[in-house]
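The values are calculated or read from the model by the stated rules, or taken from the named source; none is laboratory data. What you see is a predicted model; the values in this text were computed from it and never measured. All Cβ positions, glycine included, derive from the backbone under ideal geometry; neighbour counts span all protein chains shown.
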Amino acid sequence: MEGSTEAGAPVEAGARAVLPPPTARTWRIVRVVSVDVALPDQFPVVTLEDTEASHDRLAFRIGTSEGVALAHAMGGTAAPRPLTHDLFAETLERNGIDVVAVRLTGRIGATYLAELVLVGPIGRSVLSCRPSDGICLALRQRVPAPVLCDERLFTAGVDVPPDDPVPDDPAGNDPVPDDPAGNDPVPDDPAGNDPVPDDPAGNDPAGNLLAG
């Protein structure tokens, strides 16, 4: 676990080999085994396990607040007041947006990278995220969304650069599929704007977040 973390809990790493990007990705389904603090380490460590026969494991550090949120999500318990991930999960649900999957896409030095795959009224969106945030949202769904891991991450001690853009599209683009022009307007607004109806100024700080 030494040298494994995510943004917010940096650990210096020495010179590392770098795996070349694949021509096509292979994903493995993983499950969350545990989130623990091993003293004297101050950061929680989340452990993921491959659900296939190999049962390979990945472990990396996350922030303290994210560790608490993930422990609540794993246990299906609710905090006295909604946590940030609870609020975001409910916001997505009320806007008809489903979390399809969380994908761990790469590892640079000590930092793991991930993305959130969403499907809603405007189509499919992919958002970059921290692994802990994505996993918390996946587990907070009414039907938990799968957590996927690029199989290259199971090769220890090497950097795994994520493909950019998302490699599901051979052309390298990831437009919302219902819009051939590659734009992402909210369909109810022909002008392509997304103002909050109650805001005469037409500002919508949350709209870009939901649209991805």
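Take the residues in segment 87-118 that are in contact with an Asp or Glu (Cβ under 8 Å, 6 or more places away or on another chain) and of a type in the set (Val, Ile, Thr), then tell me which one is surrounded by the fewest Cβ atoms within 10 Å (Cβ to Cβ). Top of the filtered list is Ile108. On the basis of being under 21 Å from Val32 (Cβ atoms) and out of contact with any Asp or Glu (no Cβ under 6 Å at 6 or more places or on another chain), does Asp159 make the cut? Criteria not met by Asp159. Restricted to segment 16-63, the set of strands (runs of 3 or more DSSP E) holding at least 1 residues that are in contact with an Asp or Glu (Cβ under 9 Å, 6 or more places away or on another chain), among the basic types (Lys, Arg) and within 23 Å of Pro162 (Cβ to Cβ) comprises 27-36, 57-61. On the basis of being assigned to a loop (DSSP other than H, G, I, E, B), of a type in the set (Asp, Glu) and modelled with pLDDT of 50 or more, does Asp164 make the cut? Judged against the criteria, Asp164 is a match. Scanning segment 62-73 for residues that are in contact with a Ser or Thr (Cβ under 8 Å, 6 or more places away or on another chain) and within 30 Å of Gly123 (Cα to Cα) yields Glu66, Ala69, Leu70.
Within segment 22-50, residues that are without any contact (Cβ under 8 Å) to a residue 24 or more places away in the chain have Cβ atoms under 7 Å from residues that are assigned to a loop (DSSP other than H, G, I, E, B) in these pairs: Asp36/Pro44; Glu49/His55, counting only partners at least 6 apart in sequence or on another chain. Look at (1) modelled with pLDDT under 50; (2) polar (S, T, N, Q); (3) touching a helix residue (DSSP H, G or I) at 6+ places or on another chain (Cβ under 8 Å) and you find that Asn183 fails only one, number (3).
Name the single residue, out of those in segment 74-92 being without any contact (Cβ under 8 Å) to a residue 24 or more places away in the chain and not in a loop (DSSP other than H, G, I, E, B), that is nearest to Gly123 (Cα to Cα). Looking at the filtered set, the residue picked out is Glu90.
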